[in-house]
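Visitor: Here you go, one structure.
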Amino acid sequence: MAGALRERLNIDEHTAMVGIHTGGVWVAQQLHPLLGIEAPPGELDISFYRDDFTRIGMNPQVRPSQLPFSVDDRHIILVDDVLHTGRTIRAAMNELFDYGRPASISLAVLVERDGRELPIEAAVSGLHMKLGDHEHVKLSGPAPLCLEVKHVE
């Protein structure tokens, strides 16, 4: 993924990386030093930005977002573990814009799977998985990172 990001993006002093809690933060922590990005990595907890919290309830472990840099005019690499419906990424972008106006946002995901509900596409993905209706992919970590496909009812 780091090589693909280097090829696709012009990483410079205006580039910053932001991981989405929790798996995206773990992936960002692995990618960040490989890319030599100057700004420390940021972390987003999108719990308050989700469009389904009234149905599923609040995440009991809401964490504060941490963006140790100004978002304005930055080229943001937004990192998540799994891209499925696109709703998590939409929520993350909404939160990022509450912090400022980035020059651009590029999405990097460890796993891209079928089932998109919103027109959101990753610039870089580690792998693409086709899963059945009752299958779910989960990243556990942070050390070691482990991907596992589970059957859910």
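Visitor: Mind counting the residues in the stretch 96-137 that are of a type outside the set (Asp, Glu) and either at pLDDT below 95 or more than 28 Å from Pro68 (Cβ to Cβ) (or both)?
Guide: Taking the stretch 96-137 first, the residues of a type outside the set (Asp, Glu) are 96-97, 99-111, 113, 115-116, 118-120, 122-132, 134, 136-137.
Now narrow it down to the ones that are either at pLDDT below 95 or more than 28 Å from Pro68 (Cβ to Cβ) (or both): 113, 115-116, 118-119, 127-132, 134, 136-137.
Total meeting the criteria: 14.
Visitor: Here is a further query. Go through the stretch 62-93 residue by residue and tally those that are more than 12 Å from the chain's Cα centre (by Cα) and either part of a strand (DSSP E or B) or of a type in the set (Val, Ile, Thr) (or both).
Guide: 5
Visitor: While we're on this one: Taking into account only those residues within the stretch 94-153 that are of a type in the set (Asp, Glu) and not in a strand (DSSP E or B), which is surrounded by the fewest Cβ atoms within 10 Å (Cβ to Cβ)?
Guide: The selected residue is Glu153.
Visitor: Out of the stretch 1-28, which residues are in contact with a strand residue (DSSP E or B) (Cβ under 7 Å, 6 or more places away or on another chain) and either part of a strand (DSSP E or B) or of a type outside the set (A, V, I, L, M, F, W, C) (or both)?
Guide: Selection gives Arg8, His14, Thr15, Ala16, Met17, Val18, Gly19, Ile20, His21, Gly23, Gly24.
Visitor: Being closer than 19 Å to Pro142 by Cβ, modelled with pLDDT of 95 or more and surrounded by fewer than 12 Cβ atoms within 10 Å (Cβ to Cβ) narrows it down to one residue among Pro40, Pro33; which is it?
Guide: Going through Pro40, Pro33 in turn, just one is closer than 19 Å to Pro142 by Cβ, modelled with pLDDT of 95 or more and surrounded by fewer than 12 Cβ atoms within 10 Å (Cβ to Cβ): Pro33.
The values are calculated or read from the model by the stated rules, or taken from the named source; none is laboratory data. Only a predicted model underlies this, so the values are computations on that prediction, with no experimental measurement involved. We place every Cβ from the backbone using ideal geometry, glycine too, and count neighbours over all the protein chains shown.
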